[in-house]
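Q: First the structure, which I've put down as structure tokens, then a few questions once you've had a look.
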Amino acid sequence: MGNEIYFDNSATTRISEEALKTYLSVARSEYGNPSSLHGMGKDAETVLKNARQTIAKTVGDTAGGTVLFTSGGTEANNLAIFGRAHAKPRFKGKTILTSAGEHASVKMPLAALADEGYKIVEIPTTGGRLDPEAIVKYATPDVILASIMLVNNETGALYDVPAVAAALRRSCPDAVLHVDATQAYLKVPFSVKTLGCGLLTLSSHKIEGPKGTGALWIDPGVIRNRGLVPILLGGGQEAGLRSGTEDPPSCAAFAKAAAVGYSALAERIARLTELRERLFEKLASNPFLSLSGVRANLPPVASPHIVSLTIPHFKSETMLHALSARGIYVSSGSACSSHGKHGTSALSAFGLSDADADATIRVSFSHRNTVEQIDLFCDALSEEITRLVRF
């Protein structure tokens, strides 16, 4: 990896050696089509079965849910949203709840459904907290779906998703809760039972697995009630809900990364927490950074691996490139939307002004980062602010 400091782990992680070895092994030996009826096809099908079981274990599935493999978190989110909204003719025009500042792969499908006549209602997230009064107010009997992320990809806010699930159970007989856990998976402890969700999105490349692979966990009740329809039609793979030949090597590598991360979850959370606390300590102890107004945007409850920093008077893109020139890599927002108009939506929903949102960077850690890298980052940040002021 050289001497770079990679603090953009919420955009993607480096594939682990364990996951890479698994990918290569399966690609070389179990390369049959899982839908083929001969022996090699059966071997590939077994690889997928084992991968599903592994991932189901890591999300605490004890009810026999379905782990459906997709091309990534975006497809999983699209399937959950369109697949639920179009599941029954009587759902047409009904209400869908979401939170302000969701990822573009949730916001854009919901915008498309609004054009079809569905009513989309956003729960405010000012200060990085789901508004509890709004949850109760908007949980009406005509709600068919709530799509709420567990950890915000730009602020690190950890949302009270179980409160949404409880409100839906009380008031919304047709509602299914979809949780985008892309940023939460193997960063904070959770299970599908404690969340109370019927659909859960996961992404491989956020946990040191390969890119282009994700999963949608589906509660058995959703399957029994035919509460989800496919958005890709073809050969009927993945329980008829996601046509297309599966990718056993990537799915196996995803499962391997998940298994390794799950077994080391407590240790990794401790490391991420140590890094986060060190960053706050260094920011507070550096008088120049304090005088420059550098501040962390702190939600009341947060995942330990994401820190949002506002650096007044400097556009985030300017600081990103300045740090990049020094081999330090951060983000100016979600990598999936940083080139589009949705890059600051979560920051605006948090309560930042447009000017502050445009001066905010995201620092996201991995368990592979070190305290020494935090110190080097803070020193570099101070030096770059000084240089840019002079410039």
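What follows draws every value from the coordinates through simple rules; no lab data is involved. This structure is a prediction, so every number in the text was calculated from the model and none was measured. All Cβ positions, glycine included, derive from the backbone under ideal geometry; neighbour counts span all protein chains shown.
Q: Taking the Cβ of Leu97 as the centre, find all other residues whose Cβ is under 10 Å away and add up their charges (Lys, Arg: +1; Asp, Glu: -1).
A: Result for the neighbourhood of Leu97: 0.
Q: Going by average Cβ neighbours within 10 Å, how do the peptides 135-143, 114-122 rank, with the highest at the top?
A: Values: 135-143: 17.2, 114-122: 13.3.
Put in order of decreasing packing, that is 135-143, 114-122.
Q: Further question on the same structure: Output the 0 to 90 degree angle, nearest 10, between the alpha-carbon long axis of helix 248-263 and the longest principal axis computed from the alpha carbons of the chain.
A: Approximately 60 degrees, to the nearest 10.
Q: Quote the relative contact order of segment 244-391 in percent (integer), defining contacts as alpha-carbon pairs under 8 Å separated by 6+ residues.
A: The normalised contact order for segment 244-391 reaches 28 percent.
Q: Looking at Ser366, Leu228, Ser71, which one has the Cα that reaches farthest to the positive end of the dipole of the chain (charges on Cβ: Lys, Arg +1; Asp, Glu -1)?
A: Highest projection toward the positive end goes to Leu228.
Q: Moving on to the next point. Which parts of segment 295-323 would a label at Leu388 reach, counting a residue when its backbone N lies under 11 Å from a point 7 Å out along Cα-to-Cβ?
A: Only 310-323 pass the distance filter.
Q: Working from Cα positions, state the angle (0 to 90°, nearest 10) between the long axis of helix 17-29 and the longest principal axis of the chain.
A: 30
Q: For segment 17-263, what relative contact order do you get, as a whole percent, if you take Cα pairs closer than 8 Å and at least 6 residues apart?
A: Values: 498 pairs, mean separation 72.7, N = 247.
Reported as a whole number, the value is 29 percent.
Q: Only four residue types carry charge here, +1 at the Cβ of Lys and Arg and -1 at the Cβ of Asp and Glu. Report the dipole size of segment 78-195 about the Cα centre in Debye, rounded to the nearest 20.
A: Dipole of segment 78-195, to the nearest 20 debye: 420 debye.
Q: Counting other beta carbons within 10 Å of each residue's own, what order do Glu133, Glu317 fall into, fewest first?
A: With the fewest neighbours first, Glu133, Glu317 line up as Glu133, Glu317.
Q: Could you check the simple spin-label distance between Thr126 and Lys49, using points 7 Å along Cα→Cβ, in nm with one decimal?
A: 5.4
Q: About the Cα centre of segment 17-263, what is the dipole size in debye to 20, counting +1 per Lys and Arg Cβ and -1 per Asp and Glu Cβ, all else neutral?
A: Rounded to the nearest 20 debye, it is 520 debye.
Q: Going by the alpha-carbon gyration tensor, a ≥ b ≥ c the square roots of its eigenvalues, is segment 1-130 rounded (a/c under 1.5) or, if a/c is not under 1.5, prolate (a/b greater than b/c) versus oblate?
A: Values: a/c = 2.55, a/b = 1.41, b/c = 1.81.
The shape class here is oblate.
Q: Check which residues have an amide H placed less than 5 Å from Gly93's amide H, if you skip close sequence neighbours.
A: Long-range HN contacts for Gly93: Tyr118.
Q: May I ask you to order 16-29, 349-362, 74-87, 246-259 by the average number of other C-beta atoms within 10 Å around their residues, highest value first?
A: 246-259, 74-87, 349-362, 16-29
Q: Rounded, prolate or oblate for segment 17-263? Axes are the square roots of the Cα gyration tensor eigenvalues, ordered a ≥ b ≥ c, and the cut-off for rounded is a/c under 1.5.
A: Cα axes put segment 17-263 in the prolate bin.
Q: Go ahead and run the numbers for FRET between Asn286 and Lys42, Cβ-Cβ distance against an R0 of 56 Å, rounding to 0.05. It would help to have the intermediate numbers written out before the result.
A: Working: r = 60 Å, r/R0 = 1.08.
With a Förster radius of 56 Å, E is 0.40.
Q: Name the lysines eligible as straight-distance cross-link partners of Lys21: C-alpha to C-alpha under 27 Å, and not fewer than 8 places from it in the same chain.
A: Lys42, Lys49, Lys57, Lys187, Lys206, Lys211, Lys256
Q: Can you tell me the relative contact order of segment 1-135? Whole percent, Cα pairs under 8 Å, sequence separation 6 or more.
A: 13
Q: Assign unit charges at the C-beta atoms only (+1 for Lys and Arg, -1 for Asp and Glu), then state the dipole size of segment 164-296 relative to its Cα centre in Debye, rounded to the nearest 20.
A: That gives a dipole near 280 debye.
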